[in-house]
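Read the structure below first, then the notes.
The values are calculated or read from the model by the stated rules, or taken from the named source; none is laboratory data. Remember, it's a predicted structure, so these values are computed and weren't measured experimentally. As a convention, Cβ positions derive from the backbone with ideal geometry for all residues, glycine included, and neighbour counts pool all protein chains shown. To get the accessible areas, we keep the full protein, side chains included, count just its heavy atoms, and leave off ligands, DNA and RNA. Shrake-Rupley method; radii C 1.70, N 1.55, O 1.52, S 1.80 Å.
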Amino acid sequence: MNLSLSVRLRALSRLLFPPVLLALFVLLLFQPAFSSEATLARLVFFARSVFPSLFAALCLSGLLVSSPPARALYRFPFGVELTALLLGVLCGFPVGARTAVQLYEEGRISKDRAEFLCGFSNLASLPFLVGVVGSALFGDVRFGVRLALLQAASALLTAGVLYALFRPSCHGIRAPAGQPAGMGISAVARAVAGSAHTMLELGGMLIFFGVAADLLLHVSGIDPAGVRAAVLQSALEFSSGVARASALGGEGGKLLAAAAVGFSGLCVWAQIAAVTRGKLSLRPYLLGKSFQCALLPLLVKLFA
């Protein structure tokens, strides 16, 4: 993406953002009962499914990034990248971005390397793909396992593409002199406090984007069981989009679910923006997710 195109896209987003927000506000005013029910449903989903599965993973990932085994791995070329990818595969969104920001703030990696990490390490978690997508939604655990493996493969291919485009320095690193070991009760307290703050941000975004998608479907008259509803839901909040794609069934449903996982939706994009807090450019992330949105369905078509 050249500079002029990037500037034009930012200008277009600033132009469209106010009327979109105004339209959503009007919908909330004229659909109070539906909005309240949708908000409550999203809040229950966050409390029962997302928070229990992600909070502990966020806490542990923050500690693992500074643990002695991880610091030993960092000394090898691409050791940081491997660590971020493994955490992203196992723990899911937004652990990859959280890892990149933490290492950047600690002065261990450069800004361009942290942005590169964000571009490929933010993935749907292994438990979500196997347990929720494969078993619960599609009734096929083997599909969930294949999708998880293919997502990891697509992340590696995305990393290769982004590395060719941005050429970040990926040499081994060492902890700065005098840096604390990062393990102990104080480190646990920092990890828990930081993870709790992150969970509040993530929960708010999941509820907002989920309710926005439900409202748009409600007032648009789009068939909630159709392809267009699945595409719209996937664009805003991907987990709901995957659920709608599974209801379509067949190969088409699997390909649409794979595209939703690759794209991850505006909700996850906003989560990454919140985690990075404006300290990192999201350009590599947007490019990486766009590439994965096209690549992952192709891999599923060929191998799943």
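Based solely on its DSSP helices, what 222 nm [θ] is calculated for the chain when runs of n ≥ 4 H residues each add -39,500 (n - 2.57) and the sum is averaged over all residues, nearest 500 deg cm²/dmol?
Rounded to the nearest 500, the figure is -25000 deg cm²/dmol.
Scan the range 243-282 for trypsin sites (Lys or Arg not before Pro) in coil per DSSP, keeping those whose Cβ has at most 12 other Cβ atoms within 10 Å, and list them by number.
In loop regions of the range 243-282 (DSSP not H, G, I, E or B), the sparsely surrounded trypsin sites (Lys or Arg not before Pro) are ARG277.
In nm, what is the difference between 0.36 nm times the number of residues separating GLU201 and PHE303 and their Cα-Cα distance?
33.1 nm
I need the calculated FRET efficiency for the pair ASP140 and ALA41, taking r as the beta carbon distance and R₀ as 30 Å, to the nearest 0.05. Display every interim value, and only then the final one.
Working: r = 26 Å, r/R0 = 0.87.
Here the calculated transfer efficiency is 0.70.
Go ahead and run the numbers for FRET between VAL227 and PHE78, Cβ-Cβ distance against an R0 of 25 Å, rounding to 0.05. Walk me through the intermediate numbers first.
Numbers: r = 40 Å, r/R0 = 1.58.
About 0.05, to the nearest 0.05.
I want to check the label-to-label distance for VAL188 and ARG48. Put each point 7 Å from Cα in the C-beta direction and report it in nm to one decimal.
3.1 nm
Counting alpha carbon pairs within less than 8 Å and at least 6 residues apart, what relative contact order, in whole percent, applies to the chain?
After rounding, I find 22 percent.
Just want the answer: with Cβ charges of +1 for Lys and Arg and -1 for Asp and Glu, which residue in PRO32, VAL211, LEU63 is farthest toward the dipole's positive end in the chain?
LEU63
Under unit Cβ charges (Lys, Arg +1; Asp, Glu -1), what dipole magnitude, rounded to 20 debye, does the chain have relative to its Cα centre?
700 debye
Please give, to one decimal in nm, the separation of the simple spin-label points placed at ALA33 and ALA56, each 7 Å out from Cα toward the Cβ.
Between ALA33 and ALA56, the label points sit 4.1 nm apart.
Which of the lysines could be linked to LYS254 by a straight reach, that is with a Cα gap under 24 Å, when you skip same-chain ones fewer than 8 residues away?
LYS289, LYS301
With the other protein chains left in place, how much accessible area per residue, in square angstrom, belongs to the chain at a 1.4 angstrom probe? Don't skip to the end; give the middle numbers.
Working: 14520 Å² over 304 residues.
Per residue, the chain has an accessible area of 48 Å².
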